[in-house]
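S.K.: Below are the structure tokens for one structure; questions will follow.
The values are calculated or read from the model by the stated rules, or taken from the named source; none is laboratory data. Nothing here was measured: the structure is a model prediction, and the numbers come from that model. Heads up, the Cβs are rebuilt from the backbone with ideal geometry, glycines too, and the neighbour counts pull from every protein chain shown. Keep in mind that these areas ignore ligands, DNA and RNA; they rest on the heavy atoms of the full protein, side chains included. Shrake-Rupley method; radii C 1.70, N 1.55, O 1.52, S 1.80 Å.
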Amino acid sequence: MSTTINRQAHRLAEALERGLHVVRFTPSGGLHAAITVNRPRHEVYRFWRDLENLPRFMAHVESVVTVPGGGSHWRVRGPANRIIEWDAEITRDREDELISWRSLGGAATRHRGSVRFTDAPGGRGTEVRVEMEYRTPGGRAGLVVARLFGEHPEQQVRDDLRRFKQVMETGEVARSAGSPEGPRAWRQFFQHKAQPAEHARRPAQHASR
Amino acid sequence: MKANCWMGRNKVEVLDVPEPGILNPRDAVVRVTSTAICGSDLHLYDGYIPTMRKGDVLGHEFMGEVVEVGPGVANLRPGDRVVVPFPIACGACLACEHGMYSLCENSNPNAGLAEKMMGHSPAGIFGYSHMLGGYPGGQAQYARVPFADIGPIKIDDDLPDEKVLFLSDILPTGWMGAEMCDIKPGDVIAVWGAGPVGQFAAAAALQLGAEQVVSIDRFPYRLEIAGRAGALTLNYEEVDVLDALRDITAGRGPDACIDAVGMEAHYPVAAVQAYDRAKQAARLETDRPHALREAIMACRNGGIVSVIGVYGGFVDKFPMGSFMNRSLTMRTGQCHVQRYMKPLLDRIREGFDPSFVITHHMRLEDAPRAFEMFKNKEHYCNKVVLSPW
Ligand SMILES: [Zn+2]
Ligand SMILES: [Zn+2]
């Protein structure tokens, strides 16, 4: 599917990445990414806190079902389209400021993370900072999670945040014929043609308002 | 439907492709009635913009009739006649809120790729590479328009397509080029490039109160059109531009210089042209910046260099010493078209007629011939408008 130009672009992107892009990925398997969302902090926190909203912007997550008492059940599409499931619990929840979670059960999906919300300076909205931790590749803990994030884990978390910003600010995820799923790291190197495609068509929704 | 597709360097083909549909709630689908070929399409045609794919639908200057809208578009309905701005913008991010529509933070699904090449991503653009979104363009019978509730401007009266089509790009782009010059009484403005954008920039500079506008190019027929728009003209194959500008301004230099040429400038000194061409061909330098270099050298001390010609990557031999020591200011940007559509439409209603740049009306099927003619400046080709139906 990739063309000469795409290969060139890929190489250029890789070369520039080495120069410009510092992957902050600690030996313990921690990564972080941040984005600014042009919406009030309370609204941004509320949207994230309703965990069932997460599949709207997390590329790998098929569904999150919350259960009373702060627990949640996650269905995630993994490598080779395999569905992986785990349970998680919220470990800290400070309204409009912070949500922390950790997975429960099997070592292969073990990870924990947090998202912090702060006011961006000068009325620029809300700064959202995500941190995640999983051990790999030494220990087996967090192995599946590590694979989910692939070779560019921080890029993938950043793409999730980009979609989060799009949903919060515009109500939808930006899609094109080249990237019909919206921002996804691998798609940027393996684009569809920028040409309308039958398979990308959705049922037409005519204006009724 | 028929669409003009990029098929590799110096090759476009009109192909049968699927019709676009609604992908997002704020989309509209437009039946294209008129679409134009832009000078910046030649950068794609010549193969200097990275991340193009064979089969990509070209075109970012188009207008037409709305045939379908998503449930999130309340202000348009099927049958409305609209002109579509080339930058895709959401209207809700910080950049959009500040009127910087071509920097929309939400409209480029491939922002990660653009970030790696440019540091941060600009907005998505119709028909202008995958780095800028992978959106099919408007040189087609139909086009999908995202954020249709924000971008397209409705044309309610019976103004013909040729008078309003250029609101999509080149008229606002020329206007912004002049506006960035902060024109004050007595100012002399020099414009590199007398293509349609340069012609509009010259016209805009005069409307914004410039004392005199000087247009610089090498094609007499283009200079003639700029001359009819009110500019004094210089053919750089006949005169030394820096000398001539010094002469016109009695030594001061133009108060502001507009680069309406961009990344594929031509230069009369063969050695310098060859140097840049060779580096560009070897991909060591992506852009040939002669016009920009000369604009910097020509500009008066403390003046403004306004860059609206398109650059894609990196330039060489940038005269930083001249730029820094002489307190110059550079202003740049893909045009924030949405900001200018309404006021410029008002000017058109009041009698300004931008159709003076058009030299050719052709059918969409003839796009391959039109690109060739436009690139080679055959038949005095200045601006081509294509009819898809
Ligand atoms: Zn254009
Ligand atoms: Zn925006």
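Conditions (1) touching a Ser or Thr at 6+ places or on another chain (Cβ under 6 Å); (2) open to solvent by 20 Å² or more (accessible area, probe 1.4 Å), marked per residue:
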| position | (1), (2) |
| --- | --- |
| B:V67 | no, yes |
| B:P78 | no, yes |
| B:A92 | yes, yes |
| B:E97 | no, yes |
| B:L103 | no, yes |
| B:S107 | no, no |
| B:M117 | no, yes |
| B:H120 | no, yes |
| B:A123 | yes, no |
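S.K.: Continuing with the same structure: Which residues, counting only those in region B:295-315, are out of contact with any helix residue (DSSP H, G or I) (no Cβ under 6 Å at 6 or more places or on another chain) and assigned to a loop (DSSP other than H, G, I, E, B)?
M.R.: B:C299, B:R300, B:N301, B:G302, B:G303, B:G309, B:Y311, B:G312, B:G313, B:F314, B:V315
S.K.: Of the residues that sit in region B:126-169 and are in a helix (DSSP H, G or I) and either out of contact with any strand residue (DSSP E or B) (no Cβ under 9 Å at 6 or more places or on another chain) or not aromatic (F, W, Y) (or both), which one is nearest to ligand 1 (Cβ to nearest atom)?
M.R.: B:S168
S.K.: Looking at region A:137-185, which of its residues are among the small types (G, A, S) and at pLDDT below 75?
M.R.: Hits for region A:137-185 are A:G138, A:G139, A:A141, A:G142, A:A146, A:G150, A:A185.
S.K.: Another question about this same structure. Select, from B:G151, B:G138, the only residue that is within 27 Å of B:R347 (Cβ to Cβ), modelled with pLDDT under 95 and small (G, A, S).
M.R.: On inspection, the qualifying residue turns out to be B:G151.
S.K.: Exactly one of these conditions fails for B:N376: (1) open to solvent by 70 Å² or more (accessible area, probe 1.4 Å); (2) under 19 Å from B:G198 (Cβ atoms); (3) in contact (Cβ under 8 Å) with a residue 24 or more places away in the chain. Give me its number.
M.R.: Tallying (1) open to solvent by 70 Å² or more (accessible area, probe 1.4 Å); (2) under 19 Å from B:G198 (Cβ atoms); (3) in contact (Cβ under 8 Å) with a residue 24 or more places away in the chain, B:N376 fails exactly one: (3).
S.K.: Also, I was wondering about something else. Answer yes or no: is there a residue in region B:133-155 that is within 14 Å of chain A (Cβ to nearest Cβ) and among the basic types (K, R).
M.R.: Yes, region B:133-155 contains at least one residue that is within 14 Å of chain A (Cβ to nearest Cβ) and among the basic types (K, R).
S.K.: Right, here's the next one. If you go through region B:170-181 one residue at a time, do you hit one that is out of contact with any Phe, Trp or Tyr (no Cβ under 6 Å at 6 or more places or on another chain), buried (at least 24 other Cβ atoms within 10 Å of the Cβ) and in a strand (DSSP E or B)?
M.R.: no
S.K.: Further question on the same structure: I'd like to verify a number: residues in region B:28-68 that are without any contact (Cβ under 8 Å) to a residue 60 or more places away in the chain and either within 16 Å of ligand 1 (Cβ to nearest atom) or away from chain A (no Cβ under 11 Å) (or both), how many?
M.R.: Counting residues in region B:28-68 that are without any contact (Cβ under 8 Å) to a residue 60 or more places away in the chain and either within 16 Å of ligand 1 (Cβ to nearest atom) or away from chain A (no Cβ under 11 Å) (or both) gives 1.
S.K.: Here's another thing I want to ask about it. Residues in region A:169-183 that are open to solvent by less than 20 Å² (accessible area, probe 1.4 Å) and more than 7 Å from chain B (Cβ to nearest Cβ): how many?
M.R.: Narrowing region A:169-183 to residues open to solvent by less than 20 Å² (accessible area, probe 1.4 Å): A:169-170, A:172-174, A:176-179, A:182-183.
Now narrow it down to the ones that are more than 7 Å from chain B (Cβ to nearest Cβ): A:173.
Final tally of qualifying residues: 1.
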